[in-house]
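Engineer: Mind looking over this structure? Questions follow.
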Amino acid sequence: MSATAPSRLETVLERYEPVIGIEVHCQLRTVSKMFCGCSTAYDGAAPNTHCCPVCLGLPGALPTINRRAVELVLRAGAAIEGTTPPVTRWDRKNYFYPDLPKGYQISQFDLPLAADGRLTFDTSLGPVTIGIRRAHLEEDTAKLIHAEGTDGGRVSLVDFNRSGAPLMEIVTEPDVRSAEQARRYAEELQLLLRSIGVSDADMERGQMRVEANVSLRPVGTEPFGTRVEVKNMNSFRSVERAIEFEIVRQGAALDAGERLTQDTRGWSDDRGETYVMRSKEDSHDYRYFPEPDLPPLRVDPAWLAEIRAGLPELPAARRVRYQAELGLSAYDAGVVAGDAGATALFEATMDAGRSLDSVRPLDAVRPLDAVRPLDAKQVANWVTVDYLGLRNAGATGSAITVDPAQLAAIVRAVGEGAVTRAQGRQVLAEHAETGASAAAIVDARGFRQISDAGAIGAAVDAVIAANPAAVADYRAGKAQAVGFLVGQVMKSTKGQANAAAAGAAIRERLDGAPEAATPGDGAPSGGAVEG
Amino acid sequence: MTDLTRLTALQQAGLLRSGEVSSRELAATHLDAAQRQNHALNAWLVIDRRGALEQADAADARIAAARAEGPAALDALHPLAGVPIALKDLVSVRGGQATAGSKILEGYRAPYDAHITGRLKDAGAVILGKTNMDEFAMGSSTEHSAYGPTANPWALDRVPGGSSGGSAASVAAYHVPVSIGTDTGGSIRQPAALCGIVGLKPTYGRVSRYGIIAFASSLDQVGPFARDTRDAAALLHAVAGRDERDSTSAPIPVPDAWRALPAPDQAAASLKGRRLGLPREYFLDGMEPGVEARVREAVRALEDAGAIVEEVSLPHTEYGLATYYIVAPAEASANLARYDGVRFGPRLGDGDVLANYLATRGQGFGPEVKRRIMLGTYALSAGYYDAFYLKAQKVRTLIKADFDALWAQGFDALVAPTTSGVAFRFGEKMADPVAMYLSDACTLPVNMAGLPGMSIPCGLSDGLPVGLQLIGAPWAETGLFELACGYEAITADAPWRAIEPTALAQADDPAMPTPRQRAAALAAGLVG
């Protein structure tokens, strides 16, 4: 089925335009729960160890607002350029389920903390801006665990550790037009929320849950078709696959003259298809009404201004700056800005490169005026290829630590020819693994490149003397013979010679031209160290 | 020796400080009275003799330590230290029951203290037990308790009012000098009136609701019952004030004046020049003539003492009942959703989620609670919300504006009947919910407006107590206390004040039928 889906998708898209809205629930990065003081660090904890009368919905318990959670939603609202009303309030959403201890969820109905925002991101067909209708705050439910009882029968257990954790719901306008846009929106939103410290937004850990409302309308028409809500998409890939599946399914149904029903459907990653979870007939009347246990929330304009002013550089702006000011390619800018770890390492390495400290580890005698900014493209290359490569090669979830000052030293040393690119890569890997300094690793491994004219000259002289045939070839016009001779120099110096310097010294000797050997990209050679 | 149970809380406090009596003696004497009469009154759902005596011993130790330390340490003790008290059975006390008068909370043990419980423990008050109430505070007679009705100490075939009927009856019957009730539409003031005692519903936000089983969140307030104003003020002082755990509790300072209200002659003198409004809408058609007479006599007595009384109008009063019976049930329909049998209380059914809900809630709630859940659910339903709930909120604003206009005109307080009739017989209003709802017609507008309201005894009609309601501006409890103290001073020698509840001797008789038996007999038409 999946093999045929793309082509069927294309035929559906010839006749129908998908209209998609995305709802995202995110757990917020708070220390305590939304309406009580219980800790949110319940991951991996024994069931029902992070709860109290409030989040258990015991008789007489009352909610109090977590200011930090409100602040995080306001921050998210500011980051999506949303507006915050002067007064918002809380509402009760009423329904019965064992994971909802009070029989209602405290949420926000008609006055969300943020409204009318937008998010811009790139797709394979160019940049897209999606309108965001609202971002509001609510509480999470408990977790139901279906298990086998001691008598072998089915039992349902409730773990209230998650009950009452703060949850932000972000709802887009029905602006999304493709499965790819939906995936990219979710990815960009995750990046944004992480970069402003609002949510860890890990989909696999349920910290970010994406739902999509999908409908089709004939190309060129305005009215919306019957929409289907798709849930249970547990990765960005499944968001894209599920929506593609729905577009194809709905298109086929419409072509067959079927009436679509306003269902809620689940996505099965294994089967690669959606299935009916709930039909519209079962839809709830949530009987929203203002929460009488909480007064309306007045957002102090000064507080809001402070939150806006405190926003860090957002990913979209960062990508623009990387390209415009640092000369990174669009691809590199996207990769560096698209990963919080990469961004942090890149920024910190560039910073460290402006300091003398980035020089000293490998070159204690270099004068201060020799410290020039690192080449951003080189740093980006180290970060995107080597750092991300090391990180992705490690066990899932295992963090690797790279000290930006050490990376700066490595980048500079390679750039200046003090060590080779391949050696630099080994130094970085060992540093990431052991935390040892670049200088110590270089010393221990004997990686110092020989760039000194005297030392190289001695090796070159010996090689010329030992390889008369190659010398003759060169003098006969075979320029590539230099390569062989350089190889011999590298061999005799155990790979530590600066290849460029060795080549220059060979040509100098054979051509008789008095040309100084200069290492790397033209840095002063006076202080280069001996191996 | 004087009967310790006849002393006010502050008088008991005086004896405790002077060392003439111990908290243990006070507790034991009051426990004896409660245990002796509960058969006939059913005012208590639990009398915790052992726990109370332990608390009393602890209070005695505190008082002894303070006495040893000196007069300043004794003064620093709260007036209620060592004094017996009763709590309505919807106040959470760690480790104890809190049934809210419902079967659905049978067996539930609160794992935490309500805010006011903590405050009372801090003050050193001795909690003797928990009192009977209409299920989830929904009712005006205590007949809607799942644990049988409470009898009125003035007439054992009559109700004590409700929903805080047990708390009112326990104070009227001298089982405790003071008790805690809650008032959502009149549930403190109406039983106070029907039992001939003082009851106060504070300004909304004055007392934390944390740990109080909710009926209607925007209306519920905790308040004191007492046999005089000073005791009521001392108890309110102990429990009032901002609590971070209740976002609707207000950061308004609690006046220390409540611990020491003016002396009687001073209070009487302070009535002079007080501007009081007499809302004409509170004298309802069908009001009992004896009740109206007592209220008008009380108003005249205040005027004679120098108060300036003017008839005023609260034009939206007639919409109060209808509005209340949308707002309160709507909030209750959500507040009571947590009683699902999942985490506490009995769980009935065969294991299927829906079947469990239906069985647990179907059998756990009584008919009045179900009626209100249905009313509230309906009022909030899609398509009806605007016509009912939203409209009711708008009318509520108008009701509040009626009062605000009077405060703006400079009235110090309003004086009105608390109820239009005296205590009624068991069963009299059970068949007609609307007749029962009308019992609160004069009290519920005060909840809708969030104001402080007080009922104080003002005489008897046909041998049964009549209540005078005093209504103040937000946070004006002090003014109500002064007014009530003044009225108590000018009527101190009134013959009716010397009359004790007339059924107490009967209540001592172990052969008396229980209130449940009495109510059943009345329902069967066996007793006239």
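The values are calculated or read from the model by the stated rules, or taken from the named source; none is laboratory data. Computed from a prediction, not measured in an experiment: that's the story for all the values here. Every residue, glycine as well, gets a Cβ built from its backbone with ideal geometry; the counts of neighbours run over all protein chains shown.
Engineer: Could you list, in sequence order, all residues of the stretch B:70-104 that are free of Cβ contacts under 8 Å to residues at least 12 places away in the same chain and not small (Gly, Ala, Ser)?
Structural biologist: Residues satisfying the conditions are B:Pro71, B:Asp75.
Engineer: Let me ask you something else. Return yes when B:Ala328 is more than 13 Å from chain A (Cβ to nearest Cβ) and of a type in the set (Gly, Ala, Ser) and no when it is not.
Structural biologist: no
Engineer: I need a count of the residues in the stretch B:215-235 that are of a type outside the set (Phe, Trp, Tyr) and within 14 Å of chain A (Cβ to nearest Cβ).
Structural biologist: 7
Engineer: Same structure, new question: Checking the conditions here, which among B:Gly479, B:Gly427 is under 22 Å from the mean Cα position of the chain (by Cα) and outside any helix (DSSP H, G or I)?
Structural biologist: Result of the check over B:Gly479, B:Gly427: B:Gly427.
Engineer: To continue, here is another question. Could you please give the count of residues in the stretch B:350-388 that are within 19 Å of A:His284 (Cβ to Cβ), hydroxyl-bearing (Ser, Thr, Tyr) and touching a residue at least 12 places away in the same chain (Cβ under 8 Å)?
Structural biologist: Result for the stretch B:350-388: 2.
Engineer: For the stretch B:94-110, enumerate the residues that are outside any strand (DSSP E or B), within 12 Å of chain A (Cβ to nearest Cβ) and charged (D, E, K, R).
Structural biologist: B:Arg94
Engineer: Looking only at helices (runs of 4 or more DSSP H) that fall completely inside the stretch B:313-380, which ones have 1 or more residues that are touching a helix residue (DSSP H, G or I) at 6+ places or on another chain (Cβ under 6 Å) and more than 26 Å from B:Thr142 (Cβ to Cβ)?
Structural biologist: So the answer is B:367-380.
Engineer: Kindly list, by first and then second residue, each pair from a residue in the stretch B:227-245 that is closer than 19 Å to B:Pro191 by Cβ to a residue that is hydroxyl-bearing (Ser, Thr, Tyr) and surrounded by fewer than 24 Cβ atoms within 10 Å (Cβ to Cβ), limited to pairs with Cβ atoms under 7 Å and residues at least 6 apart or on different chains.
Structural biologist: So the pair list comes out as B:Arg227/B:Thr8; B:Asp228/B:Thr8; B:Asp231/B:Thr8.
Engineer: Can you report the number of residues in the stretch B:385-421 which are surrounded by 17 or more Cβ atoms within 10 Å (Cβ to Cβ), within 14 Å of chain A (Cβ to nearest Cβ) and either among the aliphatic types (A, V, I, L, M) or more than 18 Å from B:Gly320 (Cβ to Cβ) (or both)?
Structural biologist: Counting residues in the stretch B:385-421 that are surrounded by 17 or more Cβ atoms within 10 Å (Cβ to Cβ), within 14 Å of chain A (Cβ to nearest Cβ) and either among the aliphatic types (A, V, I, L, M) or more than 18 Å from B:Gly320 (Cβ to Cβ) (or both) gives 2.
Engineer: Considering only residues that are touching a Leu at 6+ places or on another chain (Cβ under 9 Å) and under 17 Å from A:Thr40 (Cβ atoms), look in the stretch A:144-163 and name the one that is surrounded by the most Cβ atoms within 10 Å (Cβ to Cβ).
Structural biologist: Ranking the qualifying residues of the stretch A:144-163, first place goes to A:Ser163.
Engineer: Another question, then. Can you pull out every residue in the stretch A:264-310 that is assigned to a loop (DSSP other than H, G, I, E, B), under 30 Å from A:Val214 (Cβ atoms) and away from every other protein chain (no Cβ under 14 Å)?
Structural biologist: Selection gives A:Asp269, A:Asp270, A:Arg271, A:Gly272, A:Ser279.
Engineer: Which residues, taken from the stretch B:370-384, are of a type outside the set (Phe, Trp, Tyr) and either more than 29 Å from the chain's Cα centre (by Cα) or within 14 Å of another protein chain (Cβ to nearest Cβ) (or both)?
Structural biologist: B:Ile373, B:Met374, B:Leu375, B:Gly376, B:Thr377, B:Ala379, B:Leu380, B:Ser381, B:Ala382, B:Gly383
Engineer: Counting only residues that are more than 24 Å from B:Phe225 (Cβ to Cβ) and either surrounded by 16 or more Cβ atoms within 10 Å (Cβ to Cβ) or small (Gly, Ala, Ser) (or both), how many does the stretch B:64-80 have?
Structural biologist: So the count comes out to 10.
Engineer: Oh, and also: Please work out if B:Gly467 is closer than 16 Å to B:Pro191 by Cβ and in contact (Cβ under 8 Å) with a residue 12 or more places away in the chain.
Structural biologist: Against the criterion (closer than 16 Å to B:Pro191 by Cβ and in contact (Cβ under 8 Å) with a residue 12 or more places away in the chain), B:Gly467 qualifies.
Engineer: Among the residues of the stretch B:11-22, is any closer than 24 Å to B:Gly161 by Cβ and crowded, with 18+ Cβ neighbours inside 10 Å?
Structural biologist: no
Engineer: Quick one: which of B:Val91, B:Val83 is surrounded by 24 or more Cβ atoms within 10 Å (Cβ to Cβ) and more than 12 Å from chain A (Cβ to nearest Cβ)?
Structural biologist: On inspection, the qualifying residue turns out to be B:Val83.
Engineer: Could you please find all residues in the stretch A:100-110 being buried (at least 18 other Cβ atoms within 10 Å of the Cβ) and either away from chain B (no Cβ under 14 Å) or not polar (S, T, N, Q) (or both)?
Structural biologist: Once the filter is applied, which keeps residues that are buried (at least 18 other Cβ atoms within 10 Å of the Cβ) and either away from chain B (no Cβ under 14 Å) or not polar (S, T, N, Q) (or both), the stretch A:100-110 yields A:Leu100, A:Pro101, A:Lys102, A:Gly103, A:Tyr104, A:Ile106, A:Gln108.
Engineer: For the stretch B:415-452, name all the residues that are among the charged types (D, E, K, R) and under 30 Å from B:Leu276 (Cα atoms).
Structural biologist: If the condition is that a residue be among the charged types (D, E, K, R) and under 30 Å from B:Leu276 (Cα atoms), then B:Asp440 is the only one that fits.
Engineer: Take the residues in the stretch A:43-68 that are at pLDDT 95 or above and away from chain B (no Cβ under 14 Å); name whichever of them is nearest to A:Pro295 (Cα to Cα).
Structural biologist: Among them, the one singled out is A:Arg68.
Engineer: Got a sec? Which of B:Val309, B:Val295 is assigned to a strand (DSSP E or B), touching a residue at least 24 places away in the same chain (Cβ under 8 Å) and under 25 Å from B:Gln190 (Cβ atoms)?
Structural biologist: B:Val309
Engineer: Would you kindly identify the helices (runs of 4 or more DSSP H) lying entirely within the stretch A:441-499 that contain at least 3 residues that are closer than 30 Å to A:Leu428 by Cβ?
Structural biologist: Counting at least 3 such residues, we get A:453-466, A:481-492.
Engineer: Tell me, which helices (runs of 4 or more DSSP H) wholly within the stretch B:177-281 include 1 or more residues that are buried (at least 24 other Cβ atoms within 10 Å of the Cβ)?
Structural biologist: Of the helices (runs of 4 or more DSSP H) lying wholly inside the stretch B:177-281, those with at least 1 residues that are buried (at least 24 other Cβ atoms within 10 Å of the Cβ) span B:189-195, B:229-239.
Engineer: Restricting to the stretch A:14-28, count the residues that are among the acidic types (Asp, Glu) and either within 24 Å of the chain's Cα centre (by Cα) or modelled with pLDDT under 95 (or both).
Structural biologist: 2
Engineer: Tell me yes or no: at least one residue of the stretch A:29-42 is at pLDDT 95 or above, within 30 Å of A:Leu294 (Cβ to Cβ) and outside any loop (DSSP other than H, G, I, E, B).
Structural biologist: Yes; the residues of the stretch A:29-42 include at least one that is at pLDDT 95 or above, within 30 Å of A:Leu294 (Cβ to Cβ) and outside any loop (DSSP other than H, G, I, E, B).
Engineer: Please go through the stretch B:258-294 and pick out each residue that is within 13 Å of B:Cys485 (Cα to Cα) and among the small types (Gly, Ala, Ser).
Structural biologist: B:Ala260, B:Ala263, B:Ala267, B:Ala268, B:Ala269, B:Ser270
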